[in-house]
Each structure stands twice: as structure tokens, then as C-alpha cells.
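Working notes, beginning with the structure itself.
The values are calculated or read from the model by the stated rules, or taken from the named source; none is laboratory data. Nothing here was measured: the structure is a model prediction, and the numbers come from that model. Every residue, glycine as well, gets a Cβ built from its backbone with ideal geometry; the counts of neighbours run over all protein chains shown.
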Amino acid sequence: MGRMRKLLIPGVDKTLLVRDAVKSMPDLTRRRFISGGVSLGALTLLTGCDVTDSFSAEEMLKQVSKFNDGVQALMFNPNAMAPTFPESAITKPFPFNAYYDLDEAPEVDGKTWKLEVRGLVENKKSWTLDELYQLPQVKQVTRHICVEGWSAIGSWTGTPLRDFLKLIGADTRAKYVWFQCADKDGYNSPLDMPSALHAQTQMTFKFGDEILPRAYGFPMKIRVPTKLGFKNPKYVMSMEVTNDYKGGFWEDQGYNSFSGS
Amino acid sequence: MSAVTVSDQHAASAKAKVIQPAWVRALHWTNAFAMVLMIMSGWQIYNASPLFGFTFPRSITLGGWLAGGLLWHFAAMWLLMVNGLIYLVMGFVTGRFRKKLLPITPEGVISDTKAALTGKLSHDDLSRYNYVQKLLYAGIIVVGILIVLSGLALWKPVQLQYLAALFGGYEGARYVHFFCMAAIVAFMVVHVVLALLVPKSLRAMIIGR
């Protein structure tokens with residue numbers, strides 16, 4: 001018991017804890033690492049918290065990530081605009097980035113493609129590309145920031161998503177706009193409503209004043225300059241206004257869901 | 001400066017005097033733990049898009065892949081920030097920063113550096129820092145503040161765009177964040193080596209005396 005009390009002196013256990021953590025780090029594969037990796041048993045001992053044995057690092061990280069979603073939603077200021085840049089600042093060539101190579105990128109036929117609209121909207125009509133091109137468009141030159149860390153400045157032109165949501169009579173009190181895309185292994189991503197209604201969030205039809213090329217998401221991309229790149233879906237096929245969190249391609253693999261910038 | 005504090009007198013009556021009070025020890029080791037998590041997960045994130053022509057060996061990164069590294073980084077940041085804030089507040093409120101780290105004079109730093117390099121620096125009184133220690137400890141606190149602020153700028157380059165602008169925008173903040181990490185790692189190497197060379201200083205940071 002006396003020895004136990006000694007171990008509870010702040011500091012002693014933590015050094016051991018760090019050493020344990022460091023030891024368990026190498027050579028673990030990605031999923032295994034988060035799941036099996038570091039038991040917080042030592043921390044439990046240290047703090048005296050009553051935590052069950054199944055309390056794993058993975059569960060803790062998931063909970064903190066959810067907490068971070070909430071913090072980011074609170075930090076999100078709908079009136080804060082992403083910085084804009086002169087055209088001379090545009091990154092050339094603008095990088096192509098996906099989980100597949102460019103020659104595997106979806107080839108969507110613009111003549112037959114229709115944007116499907118579902119969920120909590122008054123008008124569920126599908127939209128052809130020509131119809132969408134008739135809507136008023138604005139251009140933005142903003143910084144695209146990838147979750148990997150790199151960034152690039154691009155020029156995107158299209159219709160503010162909030163104008164379109166108004167047009168189709170979307171219930172903007174709903175929690176999400178959920179996008180589904182044509183990427184080969186599927187791609188979808190939920191966008192929280194406050195971000196969807198941000199003035200710079202755009203249904204993008206042009207890149208650098210040209211019709212959106214295949215590399216950047218033809219026929220339609222959702223440009224969200226207040227989000228990391230992976231929250232900017234390309235090759236969009238449908239959108240659903242919903243109160244349900246339906247997950248996303250990267251979000252389900254452990255990337256933070258809000259991922260706001 | 002060298003005045004014995006009231007709490008020290010009480011402690012001295014019982015046993016030897018306390019060199020590192022309990023709050024310092026608790027915050028120090030919590031910080032060490034959080035820092036190791038932040039640095040190792042930070043290396044994982046760096047590897048996804050290296051700023052320079054090298055990557056960190058997989059074996060010394062945390063998280064297994066980018067998403068795991070990010071989860072660790074954005075979890076440990078709370079521990080680091082909350083612990084660091086308590087440390088700053090306590091450092092000012094208790095007068096520890098003033099008593100322990102000030103004044104820092106160029107002459108003192110130069111003479112103590114010479115003494116250190118020739119092995120003549122005294123470690124008899126661990127409750128008093130020499131000028132090299134004062135400079136490095138004060139400096140690493142500043143670096144610690146900078147790495148948190150540049151990290152916040154990277155996390156929220158739109159919401160905190162004025163903060164990001166201080167670092168030269170998003171890309172500038174990446175470099176500031178990286179070099180602060182490099183400074184902290186360099187500090188840690190020296191810090192750990194010296195602590196092992198003067199084991200009683202390590203003991204003081206563990207049991208206080």
C-alpha cells in the first residue's frame with residue numbers, strides 16, 4: 001500500500017506511461033494502432049478514475065474527435081470569409097488529388113447527368129447541367145487546404161449553394177446536406193448546415209474560368225473554402241438535406257468530421 | 001532572489017527543503033507526456049506532406065497513418081494547452097517566473113556558458129537556476145507559446161485568420177510550427193542529457209527534494 005501511494009506521486013507514473021506509450025508505438029499497422037495500441041490503464045491508475053477495462057485509446061480518440069466537432073461548430077463564424085487572393089496567386093498547375101490516379105477519375109457524361117435532390121426539400125426535381133448553368137454564378141480565388149497539410153490557391157466559379165438551397169425550398173433548419181459522388185469506390189460527405197449556408201460555399205461549375213475539367217470534378221464540385229479539401233466533394237451526383245448523420249468516405253475512416261478551417 | 005520562502009522554511013523544519021513544489025512536478029510531467037504525444041503524432045502528420053526533403057521514420061511516429069496521427073494530435077493538444085495555461089497562470093501568480101527566471105543578463109549567460117563548457121558550473125543549490133538555465137527555460141516557454149499559437153493558426157486558418165496572418169498566413173504558420181517543434185526537440189535532448197548527468201535534479205523533479 002505504501003508503495004502504491006508512492007507511485008501515485010505525480011510524475012513517477014507518467015514517465016512510465018510515456019515509456020510504455022513509446023514502446024508500443026512502432027510496427028503497428030494503421031487500424032491496429034488506434035484500436036489495440038495504448039491501454040489507458042496506467043492513466044486510470046494515476047487519476048483514480050473509475051474506467052472500465054474496455055476503455056481503449058481508440059474510443060477515447062473518437063470521443064475527443066466528436067468533442068472537437070462541437071468545438072469547431074461553436075468556433076464557426078458564418079460571417080468570417082475565407083481570405084481571397086489575386087488571380088496572380090493561383091497555383092499552377094493546381095494539383096489533382098484523390099485516392100485514385102487521374103486516369104481512374106470518374107468520366108461523367110454531362111449530357112445525361114442530372115443532379116438528384118432528395119430529403120427535406122420542397123422541390124425534388126432533378127437538375128440538368130444546362131439548367132444549373134442558367135443560375136447566377138460568382139467567382140472566388142481562395143486557398144484549398146488539404147488534410148495532408150499542403151495547400152494551393154485556385155479559382156472556382158459557380159452558384160452559391162445557399163441560393164440553390166433556397167431555390168429548391170430546402171429546410172435550412174436541417175442539420176446536414178449530404179453529398180454523394182461518382183468516384184470509383186464511392187464517395188460521400190456530410191456538410192453541416194451552417195457551413196452549407198456560408199456565403200462562399202459554392203456549387204462549382206468552372207475552374208480558372210473554364211468548364212470544370214475531369215480532374216477537378218466535372219460536372220460539379222462543391223467548393224467549401226471553410227473546410228479541408230476532403231470536405232469539398234467532386235463528381236457530385238446527388239444531394240440530400242437531412243437531419244441524420246450519414247457518415248462519409250474519409251470521415252468513416254477516422255478523419256474528423258467537421259474538419260473546418 | 002535567494003530569500004528562502006515561507007513554505008520552504010516549513011518544509012525545512014520537517015525534512016530537506018522542497019526544490020520543486022508539487023504543482024510544478026505535476027505540470028512538468030503532464031507536459032512531458034503531452035509533448036511526446038504531440039511531437040510523435042506531429043511527425044506522422046508532417047510525413048503526409050513533408051516541408052523538406054525528408055520524412056520521419058515510421059517507427060517513431062504515432063497514429064499509424066495520417067488519420068490516426070491527426071486524432072492523437074487534436075486530442076493531446078487539449079492536454080498540452082490546458083496544462084500549459086495552468087502553468088503560465090501559476091508561474092505568474094506564485095511569482096515563480098520572476099523569482100526563478102529573472103533577471104537574465106548577457107554577462108551572466110556568457111560567464112555561466114563558459115563555466116558550463118569547462119565543467120565548472122556548480123549544481124550545489126538546485127533551487128537556483130544558473131543563467132544558461134534561466135535563458136533556456138524562459139526561451140522554451142516562449143517557444144511553447146509560439147507552437148500553440150501557430151498550431152491554432154494551422155487548425156483554423158479561416159476562423160483565426162488574423163492569427164494566421166501574424167505567421168505569414170497558412171503556409172508561413174506551417175514553417176513556424178515546424179521550427180518550434182525542432183527547437184523543442186533540441187531542448188528536450190539537452191534537457192534529458194543534463195538531467196541524467198545531474199541525477200539529483202531529476203530526483204527533485206520526481207519527489208520534490
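Here are some notes:
- A:Asp171 meets each of the listed conditions (1) touching a Phe, Trp or Tyr at 6+ places or on another chain (Cβ under 9 Å); (2) at pLDDT 95 or above; (3) away from chain B (no Cβ under 14 Å) apart from (1).
- The set of residues in the stretch B:28-48 being facing chain A (nearest Cβ under 9 Å) and under 15 Å from B:Gly63 (Cβ atoms) consists of B:Val36, B:Leu37, B:Met40, B:Ile45, B:Tyr46, B:Ala48.
- Here is the figure for the stretch A:97-123: residues that are surrounded by 12 or more Cβ atoms within 10 Å (Cβ to Cβ) and without any contact (Cβ under 8 Å) to a residue 60 or more places away in the chain total 1.
- Among the residues of the stretch A:72-94, those that are touching a residue at least 60 places away in the same chain (Cβ under 8 Å), assigned to a loop (DSSP other than H, G, I, E, B) and either more than 14 Å from chain B (Cβ to nearest Cβ) or within 16 Å of A:Leu197 (Cα to Cα) (or both) comprise A:Phe76, A:Pro78, A:Ala80, A:Met81, A:Ala82, A:Ile90, A:Phe94.
- Hits in the stretch A:122-164 (condition: assigned to a strand (DSSP E or B), in contact with a helix residue (DSSP H, G or I) (Cβ under 8 Å, 6 or more places away or on another chain) and farther than 30 Å from B:Gly172 by Cβ): A:Thr159
- Residues satisfying the stated conditions in the stretch B:12-68, i.e. assigned to a helix (DSSP H, G or I), aliphatic (A, V, I, L, M) and farther than 22 Å from B:His191 by Cα: B:Ala12, B:Ala14, B:Ile45, B:Ala48, B:Leu66, B:Ala67
- If the condition is being hydrophobic (A, V, I, L, M, F, W, C) and under 14 Å from B:Leu149 (Cα atoms), then the stretch B:75-91 contributes B:Met77, B:Trp78, B:Leu80, B:Met81, B:Val82, B:Leu85.
- Scan of the stretch B:75-97 for residues that are surrounded by fewer than 20 Cβ atoms within 10 Å (Cβ to Cβ) and under 20 Å from B:Arg174 (Cβ atoms), ordered by number: B:Met81
- Check on A:Ala73, modelled with pLDDT of 95 or more, among the small types (Gly, Ala, Ser) and over 17 Å from the mean Cα position of the chain (by Cα): no
- Residue satisfying all of: in the stretch A:190-237; of a type in the set (Phe, Trp, Tyr) and out of contact with any helix residue (DSSP H, G or I) (no Cβ under 6 Å at 6 or more places or on another chain); nearest to A:Asp252 (Cα to Cα) among these: A:Phe230
- A:Val224 vs. criteria away from every other protein chain (no Cβ under 14 Å) and among the β-branched types (Val, Ile, Thr): no
Here's the yes/no breakdown for (1) in contact (Cβ under 8 Å) with a residue 12 or more places away in the chain; (2) small (Gly, Ala, Ser); (3) within 18 Å of A:Ala82 (Cα to Cα):
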{"residue": "A:Val177", "(1), (2), (3)": "yes, no, no"}
{"residue": "A:Leu191", "(1), (2), (3)": "yes, no, yes"}
{"residue": "A:Leu197", "(1), (2), (3)": "yes, no, yes"}
{"residue": "A:Lys206", "(1), (2), (3)": "yes, no, no"}
{"residue": "A:Arg214", "(1), (2), (3)": "yes, no, no"}
{"residue": "A:Gly229", "(1), (2), (3)": "yes, yes, yes"}
{"residue": "A:Asn232", "(1), (2), (3)": "yes, no, yes"}
{"residue": "A:Glu240", "(1), (2), (3)": "yes, no, no"}
{"residue": "A:Gly254", "(1), (2), (3)": "yes, yes, no"}
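- Of all the listed residues (A:Ala196, A:Ala170), the sole one being within 17 Å of the chain's Cα centre (by Cα) and buried (at least 22 other Cβ atoms within 10 Å of the Cβ) is A:Ala196.
- Unique residue being modelled with pLDDT under 95 and more than 19 Å from the chain's Cα centre (by Cα) when the list is B:Gln44, B:Gln20, B:Gln9: B:Gln9
Conditions tested, residue by residue: (1) touching a Pro at 6+ places or on another chain (Cβ under 6 Å); (2) crowded, with 20+ Cβ neighbours inside 10 Å; (3) at pLDDT 95 or above; (4) among the aliphatic types (A, V, I, L, M).
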site: A:Glu131; (1), (2), (3), (4): no, no, yes, no
site: A:Gln134; (1), (2), (3), (4): no, no, yes, no
site: A:His144; (1), (2), (3), (4): no, yes, yes, no
site: A:Ala152; (1), (2), (3), (4): yes, no, yes, yes
site: A:Pro160; (1), (2), (3), (4): no, yes, yes, no
site: A:Pro190; (1), (2), (3), (4): no, yes, yes, no
site: A:Gln200; (1), (2), (3), (4): yes, yes, yes, no
site: A:Leu212; (1), (2), (3), (4): no, yes, yes, yes
site: A:Pro225; (1), (2), (3), (4): no, yes, yes, no
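- Those helices (runs of 4 or more DSSP H) of the stretch B:73-171 in which at least 1 residues are within 14 Å of chain A (Cβ to nearest Cβ), considering only elements entirely within it, cover B:131-155, B:161-166.
- Failed item in (1) on the phi < 0 side of the Ramachandran plot; (2) facing chain A (nearest Cβ under 10 Å), with B:Gly63 passing the rest: (1)
- B:Leu51 vs. criteria over 17 Å from the mean Cα position of the chain (by Cα), more than 7 Å from chain A (Cβ to nearest Cβ) and hydrophobic (A, V, I, L, M, F, W, C): yes
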